[in-house]
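Comments concern the structure below.
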Amino acid sequence: MKLIFEYSRPGKEGFHIEEEKGRETIPQELLRGEIEELPEVSEREVVSHYLRLSVMNYSVDWGFYPLGSCTMKYNPKVNEAIASYFTDAHPLLPEELVQGYLKIFKELEEALREITGLYAFTLAPSAGAHGEFTGIITIRNYLEDHGEKREIVLIPDSAHGTNPASATLAGYRAVEIPSDDKGMIDLDKFKEALNERVAALMITNPNTLGIFEAKIREIADLLHKAGAFLYMDGANMNALLGQVKVADLGVDVIHLNLHKTFSTPHGGGGPGSGPVGVVEKLAPYLPGPHLEEGEGILRWKNGRGRIRSFFGNFLVLVKALAYIRELGGEGLREVSEVAVLNSRYLRRKLEGKFKIAYPTETLHEFVLSDETFRDRISTLDLAKRLLDYGFHPPTIYFPLIVHGALMVEPTETESKETLDEFASAMEKILEEAEENPEIVKTAPHKTPVGRLNEVEAARRPILTWQEYLKTSG
Amino acid sequence: MSRYIPVTPQDKEEMLRALGLAGPEELFSSIPAKLRGKGEIRIEPIKEEGKLKEYFLRLSERNKFKDKKIFLGAGAYNHYIPAAVDYLAFRSEFLTPYTPYQPEVSQGTLTATFEYQSYMAALTGMEVANASMYEGATATAEAALMALRIRRGNIAVASSLHPQYRQVLRTYLEKQGVEIREVPYRQDGRVNLEELGKIDNLSAFIVGYPNFFGIIEDLASISSILKQKGALLITSTWEALSLALIKPPGEFSAAIAAGEAQSLGLPLAYGGPYLGFFATMKKYVWKMPGRLVGMTKDSREERGFVLTLSAREQHIRRQRATSNICSNEAWCAIRVAIYISLLGKKGLRKLALTNHRRAVYAAGLLKEAGFTLKFSSPFFNEFVVDVGMDAGKFRDRLLEKAIVAGYPLGKDYPELKNCLLLTFTEMNSRKDIEELVKEMEGIK
C-alpha cells in the first residue's frame, strides 16, 4: 500500500481556502514556513487512499469478533444518527444555552445508578483505565481525609494489566493475589494479604476467566471490616445486566465501559468512556465537575479535583444513553441473558476438542488453554488461521495465568449459525494441525497482508514517514 | 426481542437443551442465590427507532446557542471540518474495529495511525509522536510523569497554562508525591523568567504554547534557562492549528510537546471525544506512554504496520508500565490524519494565517473602539481584552444581543476579573467581528 505522502506533488489541493487579507503581528523570528513534511494531495486522492485503507480492516460490522473481555457487540446505527444532533456546542458556553446537553449527562447518570444500584456517578473518565484511576483516587481522597495512610491495593492475578498500572498511578503499591483451582480469588491468600495497610481490592466480576466471584460478598465484608474498599472493574458487566445490582455485591466503586457493555463503537482503540459509580459515603470524594439542579436549570459544580478537561467523552455518552433508552430495563436484561447463553453454548461446542482452562461454570466468556494442540501449533498460529476462515480471533495469551490462553466472548449480537460456523472453523484448524500443520503455521494466507514481522519492527523502530525516508536513503 | 439480538426464541430453546438447562435463569446459577434475581432495571424502552430519534431531538431543542455569534476558544476551537472527513471516518471499517492487535486485518487503522504520528511529529518539530492520549490535559499530565522518569525533581508549571490542565496535573502528580511550583506571568503576559530561574532541583517546566492568554511564549529564553538547570522543557498546546504558523517546540529543544488536537478535524461536541497528542525525541521513546505504530515487513516482504515497543505498556508490564492507558482516542487520530491530508502543506498554513489575521483584525477594531488589550505580547488567534468592568457581567449583557463574547477570566485569575479571552477562527466572519465590536462599544 502506498502512503499518503507518496501521492504528493506540488500544486495539488485537497481543500480550498481563500487567501485572507490582512497582516501578521507575530515577529518574523517566531514564524515558521510551510511544513515541508506535509503532503499536497487532491481530495479525490485523499478519499481513495483512505477508502482503500479502510477495506483492509476487519470490523464488528463485518463479522464475528469474539475478543474476550472486550465485548465487541454490534454498534447500533441509530445511535450515530442521534449523536449527530449534538456535535456543535462549545464546552464553555453558558449553561443556560446547553440545557439539552446537560440533560443527557443527567439522564445517563440516573440510568447507570438504576442499573448498578450505586449512589453517584461521574461520567468524565475517557476510558476504562481512566475510570480505574478516578475510582482509586476517590478512595484515596476519602482515606487521606480520614487521616489514613494506606499504601497497598490488592489485585488478583487474573486481572487486566490496567488494574495494577492504575493503582500505581494513584500512588499505591499493587500486590497480586493468586487464583485458586476454581479460577476465583484464593480466599485464604486474600485474608493473609488483608491488613490495615490495604486501601482496596480491585476485582473484576465476572473475572477474566468468565467466572463469577462467588465469594464477593464475603470478600467485601472482610474489606469493610478492615477499613478498606471494594473496587469492581466493570469491564464484564455485559454478563450481569438485570441479574444483580452491583451495590448488593458490596461493591463501593465501579467503572463501567460504555464502549463495551453499552454498545458504543471502539473506533480501532477508542474513544471509549469509563463512568465511575460510588456508594454514598464516597460521593463527596469523586473528582468533578458534577451537575447540580436549581430553579429548573442544570449547572456544573466543582468536585474533588479534576481528571481531564471539560466534562467527558460526550458523544460516547449520547450513544450509550440512546442504547439504554431503546432497550429499556427488559431489553438490557435480555442482553446479558443471551450473552451468557451464546457463550455457554459456544463453550459446550468447543469443550470436546479443546481444554477449558478451569472447569468452573462460566458466564459471558470462557478461556481455552493450548493443552490439546500445543505440541503441533501455537495459540498464535491458531489465531492467525482463524483469519483465513473469516473470523477475528479471540483475545490470545490472556489471562496470563492460562498457558497459551484463548479468551472467547461471543456477545449477544451473534446468531446461533455464526457460533456453529466459528466452532466448525476451530475444529477444522485442529484437524489441519494434525494433517498439514504448515498451512496453520504460515497463516494467514487470505488477508490483505501476510504475517507481520513484529520483532523487526521493535528492533529497528520506524515510527514516522520522516524516519523511513532517512533510513531508506 | 431486540433487533440487535439475532437469536430466535426457538434457537434459545435449542441452545438451552444442548446445555441441559431447563430455563434461562439456570444460566446464572453460578451467582449465589442470595445475590441473584434482584437486578431488575426500571427503565422504560423506546422501541421504535423514529420515536427514539424524536426523544433526542426534543432534548436537543433545549439547546439555545444556534442563533448566537460565538467567540469562544480557551481549549476548544470551532473550525470548519471538510465533508470528506466525516464521510471517510464514519466508515464501519474505521469506526467499529477494536485495537489493531491482529495487524493482518488492521492495516487500515495502523497505516492511518502511522500517518497521524508522522503528521504530529512534523507539526511539533519532534522526532516521534504516539498514537494518541485521551485529551490535552491528561496528555500534559503524562508528559510530566514521563519527565520524572527521565529526571527526578520538582515540576514547575506556568500559571498561564490552561487552568483545567493545571488542575489535572495536580490530580495526577499529588498522588505521586510530587510538588508543583507555579511560575507567574509578567505584565506582558509571558512567563516570568526571573522567577523560573529561581527554582532549584527542577525536573521539567511546563508552558502553554500559545498560553491561556493566547500569547506566543518566548521559548528560546525559557529553553536556555532550562538548559542551564539541566531541566526538561514540556510544551502544551491546546490550539494545535497554531503550530502550522509559529515555530514548533522542537526548534527550542523541547523534550516533550503535548497537547490537544481537537482543532484538526474534531467537532466541538461539548468537550469530547477530543484527542491528546504526545510527541518527543527518539532517545526517550522507551519512556513514552501510549501506543506506537511502527513500520515493518510481512511474510511476503511487503511493507506493513504493527503496534510496537509494547513492552512499555500495561498489558505487558502491568504495574511497571509507563502509563495505565489502554483504550485511547484512535478513531479521533484517524480523523486528524484525514483532515491534515486534505489541508496539506499549503492549506494548513493558510488556515492558520487566516485565524491569526482575523484575530489581528478584531484587535485593531477593538483598539479603535477604545478597548485596551491587556497584554502586549504576540498572539495567535485569541487575546485578552480589558473591558473596564466585571467581564462576566459584560458578557451577560452581550448575550442579550445574541453574542457569546469569549471567556471571562476572573474565575481562574481574580486579578483579571475585568478581562475577557476572545477567540477568532475562520468561522467568525469579518462582519460578525464588526458586529461584536460595535455591540461591545455600546456597553462600554
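How many of the residues making up the stretch A:351-382 are part of a helix (DSSP H, G or I) and either surrounded by 23 or more Cβ atoms within 10 Å (Cβ to Cβ) or away from every other protein chain (no Cβ under 12 Å) (or both)? Within the stretch A:351-382, residues that are part of a helix (DSSP H, G or I) and either surrounded by 23 or more Cβ atoms within 10 Å (Cβ to Cβ) or away from every other protein chain (no Cβ under 12 Å) (or both) number 3.
Do we find that A:N257 is more than 10 Å from chain B (Cβ to nearest Cβ) and touching a residue at least 12 places away in the same chain (Cβ under 8 Å) in this structure? For A:N257, the condition - more than 10 Å from chain B (Cβ to nearest Cβ) and touching a residue at least 12 places away in the same chain (Cβ under 8 Å) - is not met. If you check B:A220, B:A254, B:A204 for being in contact (Cβ under 8 Å) with a residue 12 or more places away in the chain, aliphatic (A, V, I, L, M) and part of a loop (DSSP other than H, G, I, E, B), only one passes: B:A254.
Kindly indicate whether B:F114 is more than 7 Å from chain A (Cβ to nearest Cβ), at pLDDT 95 or above, in contact with a strand residue (DSSP E or B) (Cβ under 8 Å, 6 or more places away or on another chain) and surrounded by 22 or more Cβ atoms within 10 Å (Cβ to Cβ). So B:F114 fits the description; yes.
Let's see how each residue does on (1) loosely packed, with under 12 Cβ neighbours inside 10 Å; (2) facing chain A (nearest Cβ under 7 Å); (3) touching a Leu at 6+ places or on another chain (Cβ under 8 Å); (4) not basic (K, R):
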{"position": "B:E13", "(1), (2), (3), (4)": "no, no, no, yes"}
{"position": "B:L27", "(1), (2), (3), (4)": "no, yes, yes, yes"}
{"position": "B:A33", "(1), (2), (3), (4)": "yes, no, no, yes"}
{"position": "B:G39", "(1), (2), (3), (4)": "no, yes, yes, yes"}
{"position": "B:L59", "(1), (2), (3), (4)": "no, yes, no, yes"}
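Just the residues that are touching a helix residue (DSSP H, G or I) at 6+ places or on another chain (Cβ under 7 Å) and more than 15 Å from A:Y50 (Cα to Cα), please, taken from the stretch B:82-98. If the condition is that a residue be touching a helix residue (DSSP H, G or I) at 6+ places or on another chain (Cβ under 7 Å) and more than 15 Å from A:Y50 (Cα to Cα), then B:P97 is the only one that fits.
Okay, residues lined up against (1) in contact with a Leu (Cβ under 9 Å, 6 or more places away or on another chain); (2) surrounded by 24 or more Cβ atoms within 10 Å (Cβ to Cβ); (3) over 24 Å from A:P284 (Cα atoms); (4) away from chain B (no Cβ under 12 Å):
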residue: A:I185; (1), (2), (3), (4): yes, yes, yes, yes
residue: A:N207; (1), (2), (3), (4): no, yes, yes, no
residue: A:R217; (1), (2), (3), (4): yes, no, yes, no
residue: A:D221; (1), (2), (3), (4): no, no, no, yes
residue: A:L230; (1), (2), (3), (4): yes, yes, no, yes
residue: A:L240; (1), (2), (3), (4): yes, yes, yes, no
residue: A:K245; (1), (2), (3), (4): yes, no, no, no
residue: A:D248; (1), (2), (3), (4): yes, no, no, no
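Among the residues here, B:F56 does not qualify as under 30 Å from A:M184 (Cα atoms) and either in the same structural domain as B:A137 (by TED's automatic domain parsing) or of a type in the set (F, W, Y) (or both).
Tell me, please, whether a residue that is of a type in the set (S, T, N, Q), within 30 Å of B:I340 (Cβ to Cβ) and not assigned by TED's automatic domain parsing to the domain that holds A:N313 can be found in the stretch A:123-135. The answer is no; no qualifying residue exists. Filtering the stretch B:137-174 to residues that are in contact (Cβ under 8 Å) with a residue 60 or more places away in the chain, touching a strand residue (DSSP E or B) at 6+ places or on another chain (Cβ under 9 Å), more than 9 Å from chain A (Cβ to nearest Cβ) and part of a helix (DSSP H, G or I) leaves B:A139, B:T140, B:E142, B:A143, B:A144, B:M146, B:A147, B:I150. Only one entry in A:K103, A:K149 is in the same structural domain as A:N257 (by TED's automatic domain parsing) and at pLDDT below 95, namely A:K149.
Checking B:L351, B:L409 one by one, the residue that is crowded, with 18+ Cβ neighbours inside 10 Å, under 22 Å from the mean Cα position of the chain (by Cα) and at the interface with chain A (Cβ under 9 Å from one of its Cβ atoms) is B:L351 and no other. The set of residues from the stretch B:413-444 being part of a loop (DSSP other than H, G, I, E, B), touching a Gly at 6+ places or on another chain (Cβ under 7 Å) and surrounded by 14 or more Cβ atoms within 10 Å (Cβ to Cβ) comprises B:K417, B:N418. Just one of the numbered conditions (1) assigned to a loop (DSSP other than H, G, I, E, B); (2) over 19 Å from A:S263 (Cβ atoms); (3) not aromatic (F, W, Y) is not true of B:I43: (2). Counting only helices (runs of 4 or more DSSP H) that sit completely within the stretch A:407-473, those holding 2 or more residues that are of a type in the set (K, R) correspond to A:416-435.
Counting only residues that are among the polar types (S, T, N, Q) and modelled with pLDDT of 95 or more, which one in the stretch A:36-82 is nearest to A:R344 (Cα to Cα)? Here the residue is A:T71.
One line per residue, one yes/no per condition, for (1) farther than 28 Å from B:L348 by Cα; (2) under 23 Å from the mean Cα position of the chain (by Cα); (3) among the aliphatic types (A, V, I, L, M); (4) assigned to a strand (DSSP E or B):
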{"site": "B:L266", "(1), (2), (3), (4)": "no, yes, yes, no"}
{"site": "B:Y270", "(1), (2), (3), (4)": "no, yes, no, no"}
{"site": "B:R291", "(1), (2), (3), (4)": "no, yes, no, no"}
{"site": "B:V306", "(1), (2), (3), (4)": "yes, no, yes, yes"}
{"site": "B:Q319", "(1), (2), (3), (4)": "yes, no, no, no"}
{"site": "B:I325", "(1), (2), (3), (4)": "yes, yes, yes, no"}
{"site": "B:A333", "(1), (2), (3), (4)": "no, yes, yes, no"}
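Taking the stated definitions as given, is A:S59 more than 8 Å from every other protein chain (Cβ to nearest Cβ) and closer than 30 Å to B:G271 by Cβ? No, not satisfied.
Within the stretch B:74-111, being more than 7 Å from chain A (Cβ to nearest Cβ), out of contact with any Lys or Arg (no Cβ under 9 Å at 6 or more places or on another chain) and either touching a residue at least 24 places away in the same chain (Cβ under 8 Å) or acidic (D, E) (or both) holds for B:Y77, B:H79, B:Y80, B:Y101, B:L110. Counting the residues of the stretch A:443-466 that are more than 7 Å from chain B (Cβ to nearest Cβ) and among the β-branched types (V, I, T) gives 1. In the set B:A330, B:A337, only one residue is surrounded by 24 or more Cβ atoms within 10 Å (Cβ to Cβ), more than 7 Å from chain A (Cβ to nearest Cβ) and touching a residue at least 24 places away in the same chain (Cβ under 8 Å); that residue is B:A337. Scanning the stretch A:287-342 for residues that are within 7 Å of chain B (Cβ to nearest Cβ), outside any helix (DSSP H, G or I) and surrounded by fewer than 24 Cβ atoms within 10 Å (Cβ to Cβ) returns A:G305, A:R306, A:F311.
Yes/no per residue for (1) within 7 Å of chain B (Cβ to nearest Cβ); (2) part of a loop (DSSP other than H, G, I, E, B):
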site: A:H16; (1), (2): no, yes
site: A:E29; (1), (2): no, no
site: A:L38; (1), (2): yes, yes
site: A:V47; (1), (2): yes, no
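With respect to (1) outside any helix (DSSP H, G or I); (2) without any contact (Cβ under 8 Å) to a residue 40 or more places away in the chain; (3) in contact with a Leu (Cβ under 8 Å, 6 or more places away or on another chain), the lone exception for B:G177 is condition (3). With respect to the numbered conditions (1) of a type in the set (A, V, I, L, M); (2) within 23 Å of B:F424 (Cβ to Cβ); (3) buried (at least 24 other Cβ atoms within 10 Å of the Cβ), which one is the sole condition not fulfilled by B:I81? For B:I81, the failing item is (3). Scanning the stretch A:241-266 for residues that are part of a loop (DSSP other than H, G, I, E, B) and under 17 Å from the mean Cα position of the chain (by Cα) gives A:N257, A:L258, A:H259, A:K260, A:T261, A:F262, A:S263, A:T264, A:P265, A:H266.
The values are calculated or read from the model by the stated rules, or taken from the named source; none is laboratory data. No experiment lies behind these values; they were computed from the predicted model shown. Ideal geometry is used to build each Cβ from the backbone, glycine not excepted, and the neighbour counts take in all protein chains shown.
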